[in-house]
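To keep things clear, I will list the structure first and then write my remarks on it.
Where a number appears in this text, it was derived from the coordinates with a stated rule and is not lab data. Keep in mind that what you see is a predicted model, and the values were worked out from it rather than measured. When we count neighbours, we look across all protein chains shown, and the Cβ atoms used for this are built from the backbone with ideal geometry, even at glycine.
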Amino acid sequence: MDKMTGESWVTTTFETLEDWAARNSFWPFPFGTACCAIEFMSTVSSHYDLSRFGSEVVRFSPRQSDVLLVAGTINDKMGPVLKKIYDQMAEPKWVISMGACACSGGFYRAYHVMQGIDEIIPVDVYVPGCPPTPEGLIYGLLQLKEKVIRDRKRFREQGRNQGNNQEKNESVNAGATV
Ligand code: SF4
């Protein structure tokens, strides 16, 4: 038993390990359409170094990404493209709306500009500003990490409750047939 303890040993639950991995290994899909995308480039570059938060593995395939990062003005013509990319991402997936344009249309009060991407896809974190700062985006990402943990707990509880209800129904049905 003595040989099984020491500084290099860690004990934990599988769920805790899974949560830790999920919140520290985002693979963002940057949907950059305007100046906010430049701020995103700055955030992943050496000065701000997004890899400190495990989120630097940028992917341009929705099938390999779990965070859709919308950075820029979205006009109505782009809406179906954005929606299709969101739909192609596997679950679980999250969305960050970066900047005033993506959040609310920004100063484009125009018929052809979407007044917030939440008109067509669900948003988990809104990063305000025009332009939003790299610090703002990093803060948004940290908030998303907290949300991921909350969501995962909720999904697990829902799964357990569904399992319990199913067991109850099965035992009731079994009782009815006997
Ligand atoms: S919020 Fe500002 S910086 Fe970002 S895309 Fe719109 S105009 Fe550009």
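What to note about this one:
- Shape index of segment 3-73: Rg/Rh, with Rg the Cα radius of gyration and Rh the Kirkwood radius from the inverse mean 1/r over Cα pairs, equals 1.17.
- Given their separation in residues at 0.36 nm each and the Cα-Cα distance between them, Asp87 and Gln115 gain 8.1 nm when the chain is fully extended.
- Most mobile of Phe107, Phe26, Phe40 in a GNM of the chain (Cα contacts under 10 Å): Phe107
- For the chain, the 222 nm mean residue ellipticity estimated from helices alone, with every DSSP H stretch of n ≥ 4 adding -39500 (n - 2.57) and the total spread over all residues, rounds to -14500 deg cm²/dmol.
- Amide H contacts of Trp94 (H built 1.01 Å from N, in plane; Pro and chain starts excluded): Val67, Leu68 sit under 5 Å, all sequence-distant by 5 or more or on other chains.
- Distance from the alpha carbon centroid of segment 26-96 to that of segment 139-178 works out to 29 angstrom.
- Ordered from longest to shortest, the equivalent ellipsoid semi-axes for the chain are 37, 26, 12 Å, each the square root of 5 times a Cα gyration tensor eigenvalue.
- Cross-link pairs Lys83/Lys153; Lys93/Lys147; Lys77/Lys147 - those with Cα-Cα distance over 19 Å: Lys83/Lys153; Lys77/Lys147
- Placing +1 on the Cβ of every Lys and Arg and -1 on the Cβ of every Asp and Glu, with nothing else charged, gives the chain a dipole about its Cα centre of roughly 300 debye.
- Extension gain from Ser45 to Thr11, taking 0.36 nm per residue of separation minus the Cα-Cα distance: 8.7 nm
- Karplus-derived 3J(HN,Hα), 6.51/-1.76/1.60, for each residue of segment 99-108, Hz, glycine and proline x: x, 4, 5, 5, 6, 8, x, x, 7, 8
- Among Pro92, Gly116, Leu137 the positive-end extreme of the charge dipole of the chain (Cβ point charges): Gly116
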